[in-house]
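Take a look at the structure set out below.
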Amino acid sequence: MADMKTNYLIITALESELKRSALPLGVDIVYSGIGKINATIASIKAIHQYAPQHIINFGTAGKVNSQLHGLLDIAKVIQRDMNTEPLAPRGQTPFCNKPSQYLSFGKYVCGTGDSFVTSHDPWLQSQGVDVVDMELFAIAATAHQHDIPWQALKYITDDANENSANDWQDKVNQGQDLFIDRLKQLLS
């Protein structure tokens, strides 16, 4: 049974990405921790606690598409680290009838995986992946399973290359103001 109901629930990996104190009144946030397992557990728990009408994932991302920067609306998410070939093509879970991609309104493609991308991966480009993260696929899959609409806004912190870790640490909190501005537009 849900403890409380909320229209919009934000799920973000780390408080360093988005401070609770920056949010408008009436908007709840859950910090999932990093990675698909943490994001799944936190999403399920949050859905039961808050019974949200809408889930918004905000987080940081590395860019695969070198033309992009700033805050991006994600249209599609896939799993970049599900690789069981020859049982199933990369990105698809074998013997599983759940979707291998989840769609929202937006423009860009995100590839989620439990690794920090630090080098070029031709498969990502072949799939049209624009940015990479470590939580969105799990959040979207959980939202889908519970029939809750989701959307994601990703702030690009790095180029998904050998400098990514340092770049991410330098820029982890720089997307907050852009996200808050977008959130206020969504709420109005």
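For residues in the range 154-166 being part of a helix (DSSP H, G or I) and not aliphatic (A, V, I, L, M), which is surrounded by the fewest Cβ atoms within 10 Å (Cβ to Cβ)?
N166
Count, please, the residues in the range 1-51 that happen to be under 14 Å from the mean Cα position of the chain (by Cα) and either touching a residue at least 40 places away in the same chain (Cβ under 8 Å) or surrounded by fewer than 13 Cβ atoms within 10 Å (Cβ to Cβ) (or both).
Count: 17.
Which residue pairs have Cβ atoms under 9 Å apart, sit 6 or more places apart or on different chains, and have a first residue in the range 146-174 that is on the phi > 0 side of the Ramachandran plot and touching a residue at least 12 places away in the same chain (Cβ under 8 Å) and a second that is surrounded by fewer than 19 Cβ atoms within 10 Å (Cβ to Cβ) and hydrophobic (A, V, I, L, M, F, W, C)?
Once the first residue is on the phi > 0 side of the Ramachandran plot and touching a residue at least 12 places away in the same chain (Cβ under 8 Å) and sits in the range 146-174, its partners that are surrounded by fewer than 19 Cβ atoms within 10 Å (Cβ to Cβ) and hydrophobic (A, V, I, L, M, F, W, C) give A160/F116.
Out of Q169, Q185, Q151, report the one residue that is outside any loop (DSSP other than H, G, I, E, B) and at pLDDT 95 or above.
After ruling out the rest, the residue left standing is Q151.
Which ones in the range 104-113 are touching a helix residue (DSSP H, G or I) at 6+ places or on another chain (Cβ under 8 Å) and either surrounded by fewer than 18 Cβ atoms within 10 Å (Cβ to Cβ) or outside any loop (DSSP other than H, G, I, E, B) (or both)?
Hits for the range 104-113 are C110, G111, T112.
Only residues that are polar (S, T, N, Q) and outside any helix (DSSP H, G or I): list them for the range 49-69, please.
Matches in the range 49-69: Q53, N57, T60, N65, S66, Q67.
Say whether the condition of being closer than 20 Å to K154 by Cα and not in a helix (DSSP H, G or I) is met by at least one residue in the range 36-48.
The answer is no, given that none of the residues of the range 36-48 is closer than 20 Å to K154 by Cα and not in a helix (DSSP H, G or I).
Identify, please: which residue in the range 52-92 is β-branched (V, I, T) and free of Cβ contacts under 8 Å to residues at least 60 places away in the same chain and is, among those, surrounded by the most Cβ atoms within 10 Å (Cβ to Cβ)?
Among them, the one singled out is I78.
Rundown of residues vs (1) in a helix (DSSP H, G or I); (2) acidic (D, E); (3) surrounded by 17 or more Cβ atoms within 10 Å (Cβ to Cβ); (4) modelled with pLDDT of 95 or more, yes/no style:
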site: Y102; (1), (2), (3), (4): no, no, yes, yes
site: V117; (1), (2), (3), (4): no, no, yes, no
site: V129; (1), (2), (3), (4): no, no, yes, yes
site: A138; (1), (2), (3), (4): yes, no, yes, yes
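Just the residues that are under 19 Å from H144 (Cα atoms) and either outside any strand (DSSP E or B) or more than 15 Å from the chain's Cα centre (by Cα) (or both), please, taken from the range 70-93.
If the condition is that a residue be under 19 Å from H144 (Cα atoms) and either outside any strand (DSSP E or B) or more than 15 Å from the chain's Cα centre (by Cα) (or both), then R80, M82, G91, Q92, T93 are the ones that fit.
When residues of the range 48-71 are filtered for being in contact with a helix residue (DSSP H, G or I) (Cβ under 7 Å, 6 or more places away or on another chain) and more than 16 Å from N173 (Cα to Cα), how many remain?
2
The values are calculated or read from the model by the stated rules, or taken from the named source; none is laboratory data. Since the model is a prediction, treat every value here as computed from it, not as a measurement. Neighbour counts run over all protein chains shown; Cβ positions are idealised from the backbone, glycine included.
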